[in-house]
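The values are calculated or read from the model by the stated rules, or taken from the named source; none is laboratory data. The model shown is predicted, which means the values in this text are computed figures rather than measured ones. Counting neighbours? That spans all protein chains shown, and the Cβs are built from the backbone with ideal geometry, glycine included. Heavy atoms of the whole protein, side chains included, go into the accessibility calculation; ligands, DNA and RNA do not. Shrake-Rupley method; radii C 1.70, N 1.55, O 1.52, S 1.80 Å.
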Amino acid sequence: MLVGALAMFFALDVSFLVSLAGMPFVADSLGQAIIDVLPGWVSIPLIELLQYWAKWLLIVGVVALFFADGAITGLLAVAPRRRDATVVAVAVVPWVASVVLAQLFSASKIEPVTSVIDAAAGAATFLVSLAFVLPSAAAQAAAADPERPPSPARRRALLGTAGLAALVAIAALPLSRISGIAASTLGNVPTAARRLRAKASLAAADPAIDPLPGITPRLTENEAHYTVDTTLVKPRVDIAAWRLEIAGEVEQPFALSYDELLDLEAVEQVHTLECISNYVGGDLISTAVWTGVPLRDLLARAKPKSTAFDVAFTSVDGYTDSFPIAKAMEARTLVAYLMNGRTIPQDHGYPARILVPNIYGMKNVKWVRKIEVVSYDFLGYWMQQGWSDSAVVNTNTRIDLPGRNARWDGGVLTIAGIAYAGARGISKVEVSTDGGSSWSAASLEPMAGDLSWRRWSFGWTPPKTGSHRLVARSTDGAGNTETPIRRPPFPNGSTGYHEVDVNVQRG
């Protein structure tokens with residue numbers, strides 16, 4: 001068993017290295033198929049329970065299945081009573097399954113030829129590794145049972161199958177588009193808009209807040225920006241072939257190449273994105289300076305019909321979502337292609353994504369390829385799973401500091417964090433240092449933009465050492481204070497005050 005598991009370790013290593021050239025990693029392919037085949041009544045509770053860790057635990061589970069298969073294959077390989085065909089069949093099961101299941105359930109996300117190449121390379125490595133260590137394992141088995149030594153033909157069967165898998169991988173190379181995909185840019189390249197008609201103007205940072213250790217930066221670096229999506233295999237878009245299609249209930253449908261999109265007049269805006277699955281006080285929220293074309297400019301060119309109701313968006317990987325035509329026609333709803341002065345990174349939607357104010361991130365579709373005006377209430381991927389259709393951001397507040405343990409010299413301790421209410425803005429943040437019995441107003445930093453979070457701070461002199469419960473709440477620009485009622489993210493986003501227990505120690 002150990003021999004088989006070790007051979008599988010080498011095989012998965014090779015498969016992962018091959019995937020770095022732009023091919024879907026075999027474990028990701030199988031994991032993606034599992035995601036897409038699971039019904040909502042199974043996937044939603046799992047996501048609710050595991051949150052960010054759901055995908056990682058899925059991948060760990062898939063890799064564990066590969067190792068289990070390797071161990072079983074190793075056990076069968078030294079068993080003299082097992083037929084060679086049985087050993088080979090068990091050895092190739094996970095590799096074949098990753099290709100077949102991915103094409104059955106995730107064909108729009110997993111490119112078939114490159115999937116075959118990665119799986120075939122991994123399978124060949126596994127079989128060769130197993131054949132290499134088989135003689136010593138077989139010798140031990142023969143010593144234990146000299147009357148039934150393993151068949152000497154077994155090693156030839158493993159090597160022969162490995163050779164066949166290698167030939168499949170080599171033969172598939174000319175049929176794949178991997179060279180073009182790997183050579184094409186995948187975003188995060190420094191650049192600037194060609195025709196920028198409105199530049200974002202950031203207010204100066206508050207010198208009393210900006211240097212605080214542990215405070216959230218006003219702008220999130222691309223590499224630190226949160227990512228949540230439905231796919232394990234991020235689309236690798238061939239920019240030369242990509243087209244943005246505007247169609248549906250319009251008088252003049254059209255399509256744009258990437259170069260044509262970049263030639264249009266663009267605007268810059270500071271925009272905070274938050275995931276609807278973010279828990280109170282969670283970190284699935286980030287802010288960046290985005291550059292793109294107002295969606296209403298594209299729709300005006302297409303001329304929506306009077307029957308227009310929703311605008312639906314389809315991603316390169318098949319993901320869908322929508323929002324009302326009125327929302328699409330707002331000036332700050334963008335088809336964005338730059339993020340913090342760089343082409344949008346692959347993880348965040350290269351070559352283009354949707355940005356819509358006041359709505360949770362799931363409706364800000366990444367890797368967008370089609371914009372379709374429809375005459376009905378279009379229900380996208382997560383709406384079909386029971387999540388909110390309107391998905392309006394709830395007012396929320398987060399305490400960033402102090403940490404769980406605070407050193408206190410007898411002076412003032414700073415409590416600080418962020419507050420966010422979508423396009424409504426934040427007008428007030430209040431802090432309680434006695435578990436919610438009394439409230440005091442915090443100082444507010446000017447917002448980096450009309451659609452961004454707002455940082456705040458509050459000076460607190462603890463009455464004594466020991467444990468204190470800190471609570472924060474915000475009031476949005478419309479005068480509505482966030483609700484204290486704690487609700488989980490499903491289906492409308494989490495609510496409730498953020499509470500932190502701080503242990504104040506002298507020192």
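Let me spell it out: the conditions are (1) farther than 15 Å from SER277 by Cα; (2) touching a Lys or Arg at 6+ places or on another chain (Cβ under 8 Å); (3) modelled with pLDDT of 95 or more, and ASP347 meets all of them except one. Which number is the exception?
Checking ASP347 against (1) farther than 15 Å from SER277 by Cα; (2) touching a Lys or Arg at 6+ places or on another chain (Cβ under 8 Å); (3) modelled with pLDDT of 95 or more, the one that fails is (3).
Can you name the condition, by its number, that ALA336 falls short on among (1) of a type in the set (A, V, I, L, M); (2) in contact with a Leu (Cβ under 7 Å, 6 or more places away or on another chain); (3) part of a helix (DSSP H, G or I)?
Of the numbered conditions (1) of a type in the set (A, V, I, L, M); (2) in contact with a Leu (Cβ under 7 Å, 6 or more places away or on another chain); (3) part of a helix (DSSP H, G or I), the odd one out for ALA336 is (3).
From the residues in segment 218-253 that are part of a strand (DSSP E or B), open to solvent by less than 30 Å² (accessible area, probe 1.4 Å) and of a type outside the set (Gly, Ala, Ser), which one is farthest from ASP317 (Cα to Cα)?
Pass one, segment 218-253, residues part of a strand (DSSP E or B): 243-248, 250.
Filter again for open to solvent by less than 30 Å² (accessible area, probe 1.4 Å), leaving 244, 246-247, 250.
Add one more test, that the residue is of a type outside the set (Gly, Ala, Ser), and what stays is 244, 246, 250.
Values: LEU244: 14, ILE246: 17, VAL250: 24 Å.
Going through the qualifying residues, I end up with VAL250.
So which residues in segment 14-29 are within 23 Å of the chain's Cα centre (by Cα) and either at pLDDT below 90 or open to solvent by 20 Å² or more (accessible area, probe 1.4 Å) (or both), if there are any at all?
PHE16, LEU17, VAL18, SER19, LEU20, ALA21, GLY22, MET23, PRO24, PHE25, ASP28
Just one of GLY435, GLY466, GLY459, GLY477 is surrounded by fewer than 19 Cβ atoms within 10 Å (Cβ to Cβ), small (Gly, Ala, Ser) and either in contact with a His (Cβ under 9 Å, 6 or more places away or on another chain) or modelled with pLDDT under 95 (or both); which is it?
Going through GLY435, GLY466, GLY459, GLY477 in turn, just one is surrounded by fewer than 19 Cβ atoms within 10 Å (Cβ to Cβ), small (Gly, Ala, Ser) and either in contact with a His (Cβ under 9 Å, 6 or more places away or on another chain) or modelled with pLDDT under 95 (or both): GLY435.
Would you be able to tell me the number of residues in segment 312-345 that are aromatic (Phe, Trp, Tyr), open to solvent by less than 10 Å² (accessible area, probe 1.4 Å) and farther than 15 Å from ASN358 by Cβ? Give the steps one after another, and end with the answer.
Filtering segment 312-345 for residues aromatic (Phe, Trp, Tyr) gives 313, 319, 323, 337.
Checking the rest, the ones that are also open to solvent by less than 10 Å² (accessible area, probe 1.4 Å) come to 313, 323, 337.
Then drop every residue that is not farther than 15 Å from ASN358 by Cβ, which leaves 313, 337.
Of the residues in that region, 2 qualify.
Scan segment 276-311 residue by residue and report those that are in contact with an Asp or Glu (Cβ under 9 Å, 6 or more places away or on another chain), in a helix (DSSP H, G or I) and either at positive phi or open to solvent by 20 Å² or more (accessible area, probe 1.4 Å) (or both).
Of everything in segment 276-311, those that are in contact with an Asp or Glu (Cβ under 9 Å, 6 or more places away or on another chain), in a helix (DSSP H, G or I) and either at positive phi or open to solvent by 20 Å² or more (accessible area, probe 1.4 Å) (or both) turn out to be ARG296, ASP297.
Among the listed residues THR73, THR125, THR86, which satisfies the condition of being touching a Gly at 6+ places or on another chain (Cβ under 7 Å) and either in a helix (DSSP H, G or I) or farther than 20 Å from ILE34 by Cα (or both)?
THR73
Need the failing condition index for LEU273 against (1) in a strand (DSSP E or B); (2) more than 19 Å from the chain's Cα centre (by Cα); (3) not charged (D, E, K, R), just the number.
Just one mismatch for LEU273, condition (2).
May I ask you to say which residue of ALA419, ALA423 is within 27 Å of the chain's Cα centre (by Cα) and open to solvent by less than 30 Å² (accessible area, probe 1.4 Å)?
Going through ALA419, ALA423 in turn, the sole match is ALA419.
Which residue pairs have Cβ atoms closer than 6 Å, lie 6 or more positions apart in sequence or on different chains, and pair a first residue in segment 189-215 that is farther than 20 Å from MET447 by Cβ with a second residue that is of a type in the set (Asp, Glu)?
The qualifying pairs are ARG195/GLU265; ARG197/GLU265; GLY214/ASP400.
If I ask for residues that are open to solvent by 70 Å² or more (accessible area, probe 1.4 Å), at pLDDT 85 or above and among the β-branched types (Val, Ile, Thr), which ones from segment 34-68 would you list?
Within segment 34-68, VAL60 is the sole residue that qualifies.
Among the residues of segment 103-117, write down those that are modelled with pLDDT under 90, surrounded by 24 or more Cβ atoms within 10 Å (Cβ to Cβ) and part of a helix (DSSP H, G or I).
Within segment 103-117, THR114, SER115 meet the criteria.
Does SER257 satisfy the condition of being open to solvent by 10 Å² or more (accessible area, probe 1.4 Å), touching a residue at least 12 places away in the same chain (Cβ under 8 Å) and under 30 Å from ILE35 (Cβ atoms)?
Details: open to solvent by 10 Å² or more (accessible area, probe 1.4 Å): yes; touching a residue at least 12 places away in the same chain (Cβ under 8 Å): yes; under 30 Å from ILE35 (Cβ atoms): no.
Answer is no for this residue.
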